[in-house]
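Accompanying notes for the structure given below.
The values are calculated or read from the model by the stated rules, or taken from the named source; none is laboratory data. Quick caveat, the model's predicted, so the values are computed rather than measured. All Cβ positions, even for glycine, are placed from backbone atoms using ideal geometry, and neighbour counts span all protein chains on display. When the accessible area is computed, the model is the full protein with side chains, heavy atoms only, and any ligands, DNA or RNA have been set aside. Shrake-Rupley method; radii C 1.70, N 1.55, O 1.52, S 1.80 Å.
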Amino acid sequence: MDPLELLDIPSTLGDEERDIRSTVARYLADHVRPHVAEWFEAGALPREIAPELGRLGVLGMHLDGYGCAGASATAYGLACLELEAVDSGVRSFVSVQGSLSMFSIWRHGSEEQKLQWLPRLAAGEAVGCFGLTEPDFGSNPAGMRTRAERRGGDWVLNGTKTWITNGSWADVATVWANTEEGVRGFLVPRGTPGFTARDIKGKLSMRASVTSELSLEDVRLPESARLPGALGLGAALSCLNEARFGIVFGAVGAALDCFRTAADYAGTRVQFDRPIAGFQLTQRKFADMSLAVGNAMLLALHLARLKEAGALRPAQISAGKLNNVSAAIAVAREARTILGANGISLDYSPMRHANNLESVLTYEGTAEIHALALGHALTGIPAYR
Ligand code: TGC
Ligand code: FAD
């Protein structure tokens with residue numbers, strides 16, 4: 001029995017939610033899970049995964065129109081759960097494509113930009129990325145140095161974005177830049193003169209994911225490349241809410257996979273003439289992990305229902321991301337101990353998940369930033385600076 005079954009959580013899901021979850025899980029079990037440790041070791045994700053995930057229907061699945069499925073927040077969350085149960089890098093690809101790149105266009109773009117990009121991004125025929133972080137401005141994007149200046153009817157962009165998921169794959173990059181009127185978002189197509197991407201190597205985490213630095217040197221764009229609805233930093237931060245919501249569920253998936261792997265192992269690994277699952281100290285670990293995973297799932301579903309009611313606030317997403325990612329890391333590390341020496345091998349998932357979750361703890365707002373967001377909501381006093 002897994003922690004969700006213990007609490008009978010699957011029976012609280014609707015038929016469509018259950019169907020979407022099992023379709024995604026089945027596809028990943030057949031086509032992605034068998035290869036993911038190999039990709040992690042190689043430090044590469046195959047580009048063909050984009051159209052495959054497009055055919056599966058998970059790219060921008062929570063958006064309406066323009067080739068997107070218009071699925072519920074819960075269904076989207078469950079898809080993220082199943083994706084991250086396989087690997088955080090695979091969920092990250094889907095989050096950045098659907099919740100950052102596509103959402104930025106869907107929410108802030110012109111009709112022409114939506115028609116040009118959304119159907120291709122939903123199908124995975126095109127890949128998108130989202131450039132907010134800079135070498136000197138991560139947690140504090142308000143200080144960004146990337147600038148966009150008006151020259152005649154055009155814009156000229158200069159600056160560097162770093163740690164950008166899908167960066168070197170991207171056919172279109174959503175790039176945030178400071179202008180005289182404040183922060184604005186721009187769509188930069190691949191191949192625009194002056195725009196280059198270089199992959200970041202030597203990662204010990206998120207290895208089955210493409211992470212890049214974007215360089216913009218006198219990149220000239222027409223006014224039609226600016227996202228007309230994106231006025232101010234809040235526009236960029238509104239996209240983060242979508243991706244952070246997916247992570248709230250994704251973290252549950254990673255933790256669940258660690259639990260299951262450890263449970264399978266403990267049932268058959270014999271020491272002192274009995275399966276290690278029969279020792280009280282091991283059972284205490286399973287009890288603690290099960291509470292962490294079950295509570296995280298209940299919180300995720302609560303946030304999804306609030307989102308569906310149009311009532312989800314950013315501070316509540318911060319609560320979910322902070323709690324669930326921290327819980328998932330603790331579960332991954334505990335599960336790893338149950339596997340003994342085998343726990344450090346790529347043959348088993350917990351340490352791969354634990355390593356990935358270090359990135360998840362940092363990106364989309366670090367644990368400290370989300371703690372400060374909660375502190376802000378609870379006390380009314382912002383303490384970021
Ligand atoms: P602050 O003055 O608080 O806010 C500026 C404007 O933004 C509004 N706002 C939000 N709007 C929507 N959703 C949110 N979550 C919002 N948070 C703030 C705010 O109301 C204000 O609007 P207005 O109209 O008054 O101008 O801004 P601040 O400079 O004090 O910063 C606040 C802080 C620290 C919370 C923010 O900067 C922050 O979230 N920092 C963390 C940066 C971050 O998370 N970066 C992520 C980059 S993308 C990424 O990591 C992708 S990982 C790959 C994957 O997802 O898989
Ligand atoms: P910093 O902001 O320098 O923080 C360093 C430490 O200081 C952290 O512990 C932080 O919590 C702490 N700190 C900072 N400010 C405060 C404060 N006020 N109070 C207390 N502590 C504080 N970005 C994108 O734009 N697009 C992407 O697609 C993307 N993908 C990513 C993929 C990966 C694998 C990774 C690792 C990162 C990615 N990022 C992306 C970047 C990510 O969003 C940033 O790493 C993150 O916002 C933190 O910024 P930083 O790394 O510069 O850390």
For the chain: accessible area per residue (Å², 1.4 Å): 42
Restraint check, LYS114/LYS307; LYS285/LYS321; LYS114/LYS161; LYS114/LYS201; LYS201/LYS307, Cα-Cα greater than 30 Å: LYS114/LYS201; LYS201/LYS307
Gyration tensor (Cα) of the range 98-229, equivalent ellipsoid semi-axes in angstrom: 21, 19, 13
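What Kirkwood hydrodynamic radius, in Å, does the chain give when the mean of 1/r is taken over all pairs of distinct Cα atoms and then inverted?
By the Kirkwood definition, the hydrodynamic radius is 21.3 Å.
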Estimated FRET transfer efficiency when R0 is 56 angstrom, pair GLU41-ARG145 (beta carbons, to 0.05): 0.95
Per-peptide average of other Cβ atoms within 10 Å, ordering 232-240, 204-212, 280-288, 41-49 highest first: 204-212, 232-240, 41-49, 280-288
Packing-based ranking, highest mean first, of 107-119, 343-355, 245-257 given that Cβ atoms within 10 Å are counted: 245-257, 343-355, 107-119
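Quick check on packing: order 192-200, 88-96 by the mean number of other C-beta atoms within 10 Å, highest mean leading. Kindly include the intermediate steps, with their values, before the conclusion.
Working: 192-200: 15.4, 88-96: 28.0.
In decreasing order of mean packing, 192-200, 88-96 become 88-96, 192-200.
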Spatially proximal aspartates and glutamates relative to LYS203 (Cα-Cα < 17 Å; intrachain offsets below 8 disregarded): GLU38, GLU41, ASP87, GLU213, GLU358
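For the range 142-207, give the percent of accessible area contributed by carbon and sulfur heavy atoms, probe 1.4 Å, rounded to a whole number. Provide the component values of the computation, followed by the final result.
Numbers: 1430 of 2880 Å².
Here carbon and sulfur together make up 50 percent of the probe-accessible area.
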Fraction of accessible area attributable to carbon and sulfur, the range 1-104 (%, probe 1.4 Å): 50
DSSP-loop GluC sites (Glu not before Pro) across the range 154-227, with at most 13 other Cβ within 10 angstrom: GLU180, GLU181
Where labels lie 7 Å past Cα in the beta-carbon direction, separation of ASP199 and GLU217 in nm: 2.2
Over the chain, relative contact order from alpha-carbon pairs under 8 Å, at least 6 apart, %: 18
